[in-house]
């Protein structure tokens with residue numbers, strides 16, 4: 001009898017462990033409604049739980065839960081729409097979308113690696129990035145995507161619209177990119193942002209450099225985009241903000257920045 005009870009507890013223990021998920025513990029799904037052809041529809045969006053112990057570092061986890069999941073890849077559009085089409089059954093939409101994230105091992109891996117030094121500040125980390133790598137990755141967030149009628153260029157600084165898809169890096173910079181996103185918006189979210197004024201000035205200079213010899217608008221946009229990446233990689237204001245934020249947070253990061 002004792003033997004069978006021990007086996008039962010072992011099975012129950014394994015089952016409980018299998019149900020544990022860092023994504024379930026810290027991520028929730030919010031439904032954003034919009035109107036399409038006079039019909040109200042719902043779009044699910046993952047976000048960090050307000051009560052999560054990781055909420056202080058919300059931006060870096062937002063970067064992960066928006067960029068890493070397979071369900072967010074372009075080729076998964078049909079799967080996403082199939083879930084969204086269940087609106088107004090918001091409970092089922094949330095359940096299915098969260099299930100996709102929970103089952104995404106790649107997302108869980110990055111999430112766990114990022115959370116580890118936050119929950120354990122004494123954790124030894126071995127991953128290292130150079131200052132040059134830091135600036136290279138950060139510069140790609142300043143993305144020019146459209147030429148306006150007056151030949152000025154529209155610029156985005158956000159999770160989804162950036163220059164990462166155009167890179168051919170062999171090294172995995174996911175955690176560094178998540179940090180850069182958080183560090184950049186730590187300044188941009190302020191009422192007075194020195195970084196905002198700096199990148200606007202760099203964009204203006206990039207436009208002026210190529211405006212006089214426009215052959216096609218596509219080529220002009222490409223030149224301005226490339227020029228701005230280069231300028232931001234060498235931008236002293238951006239570098240100062242990144243390194244200052246790193247110094248304030250190096251004890252809760254899964255990597256080190258070296259010269």
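What's the number of the condition residue 159 fails, among (1) closer than 23 Å to residue 73 by Cα; (2) free of Cβ contacts under 8 Å to residues at least 60 places away in the same chain?
(2)
Answer yes or no: is there a residue in the stretch 36-54 that is at pLDDT 95 or above and assigned to a helix (DSSP H, G or I).
The answer is no, given that none of the residues of the stretch 36-54 is at pLDDT 95 or above and assigned to a helix (DSSP H, G or I).
Scan the stretch 94-106 for residues that are touching a helix residue (DSSP H, G or I) at 6+ places or on another chain (Cβ under 6 Å) and assigned to a helix (DSSP H, G or I) and report the count.
The number of residues fulfilling the criteria is 5.
Return the only residue of 87, 63 being surrounded by 18 or more Cβ atoms within 10 Å (Cβ to Cβ) and either touching a helix residue (DSSP H, G or I) at 6+ places or on another chain (Cβ under 6 Å) or in a loop (DSSP other than H, G, I, E, B) (or both).
When all the criteria are applied, what remains is 63.
The values are calculated or read from the model by the stated rules, or taken from the named source; none is laboratory data. Because the structure is a prediction, the values reported are computed rather than measured. So basically every Cβ, Gly included, is an ideal-geometry build from the backbone, and we count neighbours across all protein chains shown.
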